[in-house]
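Below: the structure, in structure tokens.
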Amino acid sequence: QVQLVESGGGSVQAGGSLRLSCAASGSIFGILHMGWFRQAPGKQRELVAGVTSGGSTNYADSVKGRFTISRDNTKNTVFLQMNSLKPEDTAVYYCRFIQGVAHYWGQGTQVTVSS
């Protein structure tokens, strides 16, 4: 089993920045993909950003140029640097790791952006 622990959420004013972290522990033998998702009240969970084991990244159009995903393979950790935050970025953010055919999710961390 793999456990994911997220940190770094909080409240910030529009234009501010936050950095999320998600660290994996447990039975880790090769994490293929690390990603961040978010879910706002009344909306479906959506992919925000992802990074493969080779370092290729992809982003939702709504966050391109503002968010940056990165990973530290030595620490099995993924980061999401969020700059120029907007009220519409308010959501619960979840990390997800893919290892083999298994998907593992973090517990979620709240990000609130006020105008």
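Which value, in debye to the nearest 20, describes the size of the charge dipole of the chain about its Cα centre when Lys and Arg Cβ atoms bear +1, Asp and Glu Cβ atoms bear -1, and nothing else is charged? Please list the in-between numbers first.
Details: 10 positive and 6 negative charges, 8 e Å.
Here the size comes out at about 40 debye.
Judged by the mean number of other Cβ atoms found within 10 Å, the most tightly packed of the peptides 47-54, 18-25 leads the ranking 18-25, 47-54.
Two decimals, Cα atoms only, Kirkwood Rh: what is Rg/Rh over segment 57-102? Here the Rg-to-Rh quotient is 1.00.
Among N73, N83, N58, the residue with the largest mean-square fluctuation in a Gaussian network model of the chain, with springs joining Cα atoms closer than 10 Å, is N73.
Taking 0.36 nm per residue of separation and subtracting the Cα-Cα distance, full extension of the segment from S70 to E88 would add 4.2 nm. Counting every alpha-carbon pair across segment 76-115, the share separated by more than 17 Å comes to 41%. Springs between Cα atoms under 10 Å define the GNM used for the chain, and in it the highest mean-square fluctuation of G26, G42, G16 occurs at G42. Computed on the chain, the Cα convex hull volume stands at 94 Å³ per residue.
Throughout, read-outs are computed from the coordinates displayed, never taken from laboratory work. These figures come from a predicted structure and were not determined experimentally. Methodologically, a virtual Cβ is constructed for each residue, glycine included, from the backbone with ideal geometry; neighbour enumeration extends over all protein chains shown.
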